[in-house]
Amino acid sequence: MSQVRLSIFNSFLNPKLFTLFSASLPFPLSQMDVDEPVCLPRLSRVAVCGGTHGNELSGVYLVRELLKLQRRPSEDDDEEPTSLLTVLSNPRAVQQGRRYTDTDLNRCFTLATLNGPTSDSPPYEILRARELNAMLGPKGGPGAVDLVCDLHNTTANMGLCFIAYSDCDWICLHIFKYLQRQMPDVPMRFVHLGSSEKESYSLDSVGKHGFAMEIGPQPHGVVRSDIYGLMNAGVQHMLDWVRLFNSGAVFEGGFVDVFTLVKNIDYPRDEKTHNITAAVHSHLQDRDFCLLRPHDPLFQTFSGETLRYSGSEPLYAFFINEGSYYEKGIALSLARKRRLVIPAIRAQTEEEEQARGFTSEEEE
Amino acid sequence: MGQSEPRSQVSSLLSLTRQQQPRRGVLRKDAAAFKQRGWKLFHCRVSSFVGVHTPPRPSVLPGMSLHGSTARLSEARRVAIFGGTHGNEMSGVALVNLWIKNGADIQRRGADIKPFITNPRAVEKCVRYVDTDLNRAFTHENLSASGGDEFPYEVRRAQEINRMFGPKGSPEAYDVIFDLHNTTSNMGCTLILESSKDHFNLQMMNYIKKAISPASCLVLLNEHPLLKYSTSRSVAKHPVGLEVGPQPQGVLRSNIFEAMRVILKHALDFIELFNEGMEFPPCTVEVFRVSERIDYPRDANGNIIAMVHPNLQDCDWEPLNPGDPMFQTFDGKTIPYQGSCTVYPTFINEAAYYEKQQAFVTTRRETLAASGIRKA
């Protein structure tokens, strides 16, 4: 079962459309009962990145601790088929305790920015993005790391989120499913950002597979022990999954609920000063991934008036009141929820890898 | 969308999975109730008392005199409200900007009330400060230094503010300055007092506490000879700090905004009543007196090697007993509090204090006596 076919299938997986379109699908539905797991190349190189935003501290400290562990000689080193790169993405921003020094590093990874001309005094983050691309990429090339996990925090009450550009990267979706099973008490969601035609601009797009692990709520500049513990557990389970995958385990297919970004909503602003004139309404604050219905309270102006959601479609709100998004003109994001079908997967054996060459290109 | 406000999804779920620890402060149940009321304060703020509660005017009973004669104080005519002393503490910035545009809500008979943004450059960039912390810059040395262009921005700004609202320590200084702050700590609403002998402020804080009851507003007293610092509000005769949290830096939460607005409304009501000649009888005020600053454990390079322990995180104002968990190393070991007696920690895990070597401060509970006051 190719990725393309399943993607088409998943795009029809709106319950209302399902009965309408099932007759016109390009392949019989029975082919969805896949006995054969999809075979994907092993993940021999994995990168865990923290401090992409210098004031999102869980990742900063987790990467520091992982680096400490890696410096210790281990008996398992020779047997470890997966190499783990641990990277502090934006050391200057970390040192200053800021999100970034010149420009947001996690917007610098389009091919145009990475390969574009160098101006006389380029922003620090663009230079750093090119260094990271050389270290972990190059993006789109055969030598790129197999998986990038980029660690982030948010001030929004989002629990643990996977944020991915693709909704058909079975590796990321399976890791998510695995984490859900291993950490059943943790509110966990898969957010899909890439529904437009545009290319991903974030660090996790440098690897062949990649996602951001975003955990909140945590104020920027603060490390909370509970949030750190979640991120540590999440990363450890992810690495466990990678080892299991590489050693040939078959991961059963199933369903994953995915939140796909539809649009962002900005704060009401003063025409002259551009300052915000309202705050997220107290009924919406902290209610990430609850359904926002038409006429539900959205903002509360400073003079006490309630502004309501004027859209016609109920959507799921997330990134509600993220501190670093005021300057990006985002008070909250809105998503549709879809149930995706993911196939069973396993790693290619060495023989299969040699026989097929770079299968990932074919499946794209 | 429902009436009640949820706690953080993560922390509320984690509290189900966290191991049962021996309950701290078994002997001090009332302190736990403080914190609970603090949560209720900003989670039920909008519904519980905005525009609803009208406190009864305090009356003077014939013959009442607890602590001697009533102090006669000069009227509190010149009042300022400072916002943006730290440019990323958003509630004060939003409130002051609102009142600069439309000051109707802060008008009071008998007083001139001036809203003012103290650190506009930091507000513009949404950072705590540009060169140096403005709220530490009002030292005698800074205020009397001459020269200038080479000084850090905030030092020059402190001198300007001292000219406008001071001079600090002189009869011309403003009578009252409210300085609005937010904290990432779970402090609820906290009034900050700089002197245990400021009877005007003590009476004001007593009035505010009674006005918002059963919601709570605690009083932090920082009179510590080493830990006290030179705040922007210290320019006034009666400096009042107002700290509301938890709120991340750079974020504006509507419940925190409303809580701050209501506290200020009651504070200004008190000033109006005082200026109209009302007598406030002697009273007592419970305060938490700053005792000690506790830093994070650090390695030889100064890097933090442990975090505030899950049992202490968010437990501002709850008793911390010797032996209670205090920090947790990144690999999971517990470091206990090793003081000699029970203390009440606050400013727990404030983002801005990592660079000031402070994980939290300890306080001791104390009851202060305020003499009766009346306008002279």
Checklist entry - If you scan segment B:285-327, which residues turn out to be of a type in the set (A, V, I, L, M, F, W, C), in a loop (DSSP other than H, G, I, E, B) and under 24 Å from residue B:222 (Cβ atoms)? => result B:312, B:315, B:317
Checklist outcome for this item: Pairing a residue in segment A:314-328 that is within 10 Å of chain B (Cβ to nearest Cβ) with any residue that is polar (S, T, N, Q), where Cβ atoms lie under 7 Å and the two sit 6 or more apart in sequence or on different chains, gives A:321/A:155; A:321/A:285; A:322/A:154; A:322/A:155; A:323/A:155; A:323/B:249
Checklist entry - Among the residues of segment A:195-214, is there at least one that is within 30 Å of residue A:131 (Cβ to Cβ), more than 16 Å from the chain's Cα centre (by Cα) and either surrounded by 22 or more Cβ atoms within 10 Å (Cβ to Cβ) or within 14 Å of chain B (Cβ to nearest Cβ) (or both)? => result no
Checklist entry - Limited to segment A:297-316, what total is found for residues that are of a type outside the set (A, V, I, L, M), under 16 Å from residue A:335 (Cα atoms) and surrounded by 13 or more Cβ atoms within 10 Å (Cβ to Cβ)? => result 4
Checklist entry - Of these, B:212, B:192, B:208, which one is away from chain A (no Cβ under 14 Å), among the β-branched types (Val, Ile, Thr) and without any contact (Cβ under 8 Å) to a residue 60 or more places away in the chain? => result B:192
Checklist outcome for this item: Among residues of segment B:87-132 being touching a residue at least 60 places away in the same chain (Cβ under 8 Å) and among the charged types (D, E, K, R), the residue nearest to residue B:356 (Cα to Cα) is B:128
Checklist entry - Can you name the residue in segment B:94-149 that is among the aromatic types (Phe, Trp, Tyr) and part of a loop (DSSP other than H, G, I, E, B) and, of all such residues, is farthest from the other protein chains (Cβ to nearest Cβ)? => result B:138
Checklist outcome for this item: Within segment B:256-270, the count of residues that are within 17 Å of residue B:206 (Cα to Cα) and β-branched (Val, Ile, Thr) comes to 2
Checklist entry - If a residue has to be crowded, with 20+ Cβ neighbours inside 10 Å, more than 14 Å from chain A (Cβ to nearest Cβ) and not hydrophobic (A, V, I, L, M, F, W, C) to count, how many in segment B:223-249 make the cut? => result 9
Checklist entry - Among B:219, B:240, which is the only one that is of a type in the set (A, V, I, L, M, F, W, C), in a strand (DSSP E or B), at pLDDT 95 or above and over 21 Å from residue B:95 (Cα atoms)? => result B:219
Checklist entry - Which condition number in (1) in a strand (DSSP E or B); (2) in contact with a His (Cβ under 9 Å, 6 or more places away or on another chain); (3) within 14 Å of chain B (Cβ to nearest Cβ) is the one that residue A:335 fails? => result (3)
Next on the checklist: Condition (residue is within 27 Å of residue B:126 (Cα to Cα) and more than 8 Å from every other protein chain (Cβ to nearest Cβ)) applied to segment A:232-241: is it met by at least one residue?
Outcome noted: no
Next on the checklist: Looking only at residues that are surrounded by fewer than 24 Cβ atoms within 10 Å (Cβ to Cβ) and touching a strand residue (DSSP E or B) at 6+ places or on another chain (Cβ under 7 Å) in segment B:169-180, which one is farthest from residue B:205 (Cα to Cα)?
Outcome noted: B:174
Checklist entry - Is one or more of the residues making up segment A:261-274 in contact with a Gly (Cβ under 8 Å, 6 or more places away or on another chain) and surrounded by fewer than 16 Cβ atoms within 10 Å (Cβ to Cβ)? => result yes
Checklist outcome for this item: All conditions in (1) without any contact (Cβ under 8 Å) to a residue 60 or more places away in the chain; (2) among the aliphatic types (A, V, I, L, M); (3) touching a Lys or Arg at 6+ places or on another chain (Cβ under 9 Å) are true of residue B:145 except (3)
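Here's the yes/no breakdown for (1) hydroxyl-bearing (Ser, Thr, Tyr); (2) exposed (fewer than 15 other Cβ atoms within 10 Å of the Cβ):
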| position | (1), (2) |
| --- | --- |
| A:69 | no, yes |
| A:106 | no, no |
| A:115 | no, yes |
| A:119 | yes, yes |
| A:143 | no, yes |
| A:147 | no, no |
| A:153 | no, no |
| A:167 | no, no |
| A:171 | no, no |
Checklist entry - Of A:280, A:256, which residue is of a type outside the set (Lys, Arg) and closer than 28 Å to residue A:177 by Cα? => result A:256
Next on the checklist: Among the residues in segment A:343-353, are any within 27 Å of residue A:169 (Cα to Cα) and in contact with a Phe, Trp or Tyr (Cβ under 6 Å, 6 or more places away or on another chain)?
Outcome noted: yes
Checklist entry - Limited to segment B:254-288, what total is found for residues that are within 14 Å of another protein chain (Cβ to nearest Cβ), surrounded by fewer than 22 Cβ atoms within 10 Å (Cβ to Cβ) and either within 19 Å of residue B:194 (Cα to Cα) or without any contact (Cβ under 8 Å) to a residue 60 or more places away in the chain (or both)? => result 0
Checklist entry - Residue check: is residue A:24 hydroxyl-bearing (Ser, Thr, Tyr) and modelled with pLDDT of 95 or more? => result no
Item to check | Selected residue [over 28 Å from residue A:224 (Cβ atoms), of a type in the set (Ser, Thr, Tyr) and in contact with a strand residue (DSSP E or B) (Cβ under 9 Å, 6 or more places away or on another chain)] from A:166, A:119 | outcome: A:166
Item to check | First in segment B:289-307 and away from every other protein chain (no Cβ under 13 Å), second anywhere and assigned to a strand (DSSP E or B) and among the basic types (Lys, Arg), Cβ under 6 Å, 6 or more apart | outcome: B:289/B:364; B:291/B:364
Checklist entry - Quick one: in segment A:248-273, which of the residues that are without any contact (Cβ under 8 Å) to a residue 24 or more places away in the chain and among the charged types (D, E, K, R) is nearest to residue A:344 (Cα to Cα)? => result A:269
Checklist entry - Of all residues in segment A:283-307, which are part of a loop (DSSP other than H, G, I, E, B), under 20 Å from residue B:262 (Cβ atoms) and more than 9 Å from chain B (Cβ to nearest Cβ)? => result A:305
Checklist entry - Checking residue A:220 against (1) in a strand (DSSP E or B); (2) under 22 Å from residue A:289 (Cα atoms), which single condition isn't satisfied? => result (1)
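The values are calculated or read from the model by the stated rules, or taken from the named source; none is laboratory data. Being a predicted model, the structure only gives us computed values, none of them experimental. Using ideal geometry, Cβ is built from the backbone for each residue, glycine included, and neighbour counts are taken over all protein chains shown.
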